[in-house]
């Protein structure tokens, strides 16, 4: 029941807030509700058994019996931290947008809550149909968040984002229908245990990957990202950068790799190459960006490239590093985008040229920004460092060249982020900026504590995911021994028979 | 109940609608204009009574099956689709009443025609042989022609009716020819017999294929499959918006439903017509969506979109050769239900938003409406999301079941074309939603009257139905 509550509490909250007659109290209600969801999610931590690699807290009910669709939920090491991250960030997002002069606040809060519900549903669904429903459901609140509450170019940005995402999702839908017709079931576990023919694996993998890699996004598929990040309202950008893009990586780990292991290994070199290209492209674009949010958007692109690198090394270290990096990057980006959003609101501009010397008028602002930035850069002691270190060590073993590219990405990221800090906060002051209010401090402080704490004590994050990753991802990648032996024997026998025939023909 | 013959009780929904139509005509003739304010209420009452008896029949443990010596079949499929047609008629009635009052064109005949069209739909859906099918189709079509041209003084309405009539008569001729060819080849009108004969077809197969081809063309015209869709955009665009909604949902659903039964039950096997269905599906979806993409008028865009949606149903029908008839019929019936909810809602919405005289709404005119009338705009957003096939709306479930049938039948290519089309459609539907929430002229708010209770209820029913239909327990 607890998993259902995580989905349906925000959903019910969205309905209540959306249909409430007055604005008054809506914010407090939404904040209280999301905080409640967070406390509820803490009880997951307590009940979670790290030694069990399967789904826990399972729920199973009929949804559409004629079609064999179930309402089935489950939580495992793959989804655990992303669920926690969602539950943790949503109340902060509500808090962060509190003081902003948001028009039509009820609709805004309803969208945030609906987004939380759909993200939770995507992470917890263990039925393919249910997963798809939640995955697509995310688009509607995201469409409105950017399209209604975004800045100038919001309509173009939101259409671009939704159409990019839908293109991927629809391809995934076709592959999903194929998987269902192959296995005769919508159940995730059945789909994972089924062995698909090799050529079907390849196109199914690509179709699923299209949906997830557009979301992450992988290098040539990232066209929607800068616009959507830049135009979205701060809370929206936080949802995008910290949660939605992580779901792409989650989908890869949940579906692409375990369902189609052969295809995953076949395409890994290509994807590794593109991920590395994405790191470089993101970093270089961030270096020349003149817009605070766009700069952070490109840096996010480059950091997600690292997550992809970790996944496609197919080693425990790499996978753990990727998951850790997802959480840590989510926290850091959430903090940075909150702060960038407030800067934009106070100045009425996002251009780097319009800022300068903010540290003089707003020292706390500057300090908080620096702190979150240090984690994003990957300074030892902060959580960013652990994720990067794990992924890098795994990549180094696979290919020193790629590790070199990734390392170059870090150097660049340190360069452009410090440059950003210098432009914004140091130098001659260009107009005073109001320092953080108490509410804003409260919204960012938990993030600051967490990035430091996770940087010093990463094991509580890494331990619970180990078993799931080994069991559900790495084990699947091992070739099934019986089948290959059989195939080899078959090939040898056919060759012998052919040879025999030819010999007889000669005689 | 048991005292009455089953023929009477099982067709109760049809009798109610017929009685309602005749009663309205009598009222108009005997009392005249004074009876007119009561007409929509009486129509609504007849339709709801009919819906009640349909639902009652659906709840029966056993279906009556073939009646009237095999002329009519009462089963889950026909009853479900009758429910869908009733829904469409009820919504059309609810959207029509304020529309006609606004356009100062209230008469009793309008509602009598509406009810007679529903009677035609019922006959069409209940038909288990060609003659009944044809009678039903003609009854429905004749009423629809008149309804399309109902606003006689408006040129576009007359033009719409004329085009619709010409195409419709043309289609009927094709159908009749096809029926005659099949009768000549097999000597039967009944679908079940035809199926048996086709399975042992042998030398009659070329004739069967020719007959099927003529039927396809005839139905193609009736339900506006490309390349036989030329009349549809003009007819839907010119007809009064509530009528356009009725034509695009009820009339089309009934014709598609009968078409579906014919091809799932009588022709549900391999044959040259399977390929033809696949080609029609691809062409219709693509032509409909590309056509909608370039429309400036929102109503015309909706007309093209309804062409495209007929194409999606063809994807499901294509799979009929490889799937059990009941699963095809289930998917089709659900799709038509979802389609009726969202399309009726959208046309009804347009009939309200267009204002007096039904102005031609372009995207530009919709600017800012979402900011002034958030809930009203939200209902249109729900319909459009659903039409685009986004979860968790009914439109997604409908497409999902149809596409699943096709994938199970090995039609991956067809489904890929279908989802590519969905993506194109998402662009033009979402463009409208995005426009609703663009900052626009603020002056329009005053010109926009408050909605009456009936309109509110109808829009709310459509929107709620679109949201939850996918999760409800379906009759079969």
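Figures for the structure shown
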read-out: Gained length - residue A:287 relative to residue A:498, 0.36 nm times residue gap less alpha-carbon distance; value: 69.8 nm
read-out: Residues of region B:201-222 with amide N under 18 Å of the 7 Å Cα→Cβ point at residue B:183; value: B:207-216, B:218-219
read-out: FRET efficiency, residue B:460 to residue B:8 (Cβ-Cβ, R0 45 Å, nearest 0.05); value: 0.80
read-out: Calculated [θ] (222 nm, deg cm²/dmol) that DSSP helices of n ≥ 4 give over chain B, each run adding -39,500 (n - 2.57); value: -24000 deg cm²/dmol
read-out: Global geometry of region A:355-453, whether rounded, prolate or oblate, following the gyration tensor of its Cα atoms and the 1.5 cut on a/c; value: oblate
read-out: Euclidean distance between Cα centres, region B:182-230 to region A:356-379, Å; value: 75
read-out: Potential lengthening between residue A:42 and residue A:439 on full extension [0.36 nm per residue; Cα-Cα distance subtracted]; value: 140.6 nm
read-out: Segment residue B:205-residue B:30, length gained on full extension (0.36 nm per residue, minus Cα span); value: 57.5 nm
read-out: Spin-label pair residue A:189/residue A:103, simplified geometry with 7 Å Cα→Cβ offset, distance in nm; value: 5.1
read-out: Near-label residues of region B:280-323 by backbone N, under 19 Å of a point 7 Å along Cα→Cβ of residue B:372; value: B:298-299
read-out: Alpha-carbon Rg/Rh ratio, for chain A, with Rh computed the Kirkwood way; value: 1.01
read-out: Inter-centroid distance (Cα atoms) of region B:281-315 relative to region B:364-425, Å; value: 12
read-out: Between 0 and 90°, nearest 10: helix B:39-59 axis offset from chain B longest Cα axis; value: 40
read-out: For q = 0.07 Å⁻¹, Debye-computed log10 I/I(0) when each Cα of the protein assembly as shown counts as one equal scatterer; value: -0.64
read-out: Cα long-axis angle, helix B:252-261 against chain B (0 to 90 degrees, to the nearest 10); value: 20
read-out: Folded to 0 to 90 degrees: helix B:130-148 orientation relative to chain B principal axis, Cα; value: 10
read-out: Label point distance in nm, residue A:19-residue A:477, each placed 7 Å from Cα along Cα→Cβ; value: 4.8
read-out: For chain A: relative contact order, % (alpha-carbon pairs under 8 angstrom, 6 or more apart); value: 16
read-out: Alpha-carbon centroid distance for the pair region A:273-351 / region B:1-55, whole angstrom; value: 66
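No value in this document is a laboratory result; all are computed from the given coordinates. Note that the structure is a prediction, hence the values are computed from the model and not measured. Cβ coordinates were reconstructed from backbone atoms using ideal geometry, including for glycine residues, and neighbour counts include every protein chain displayed.
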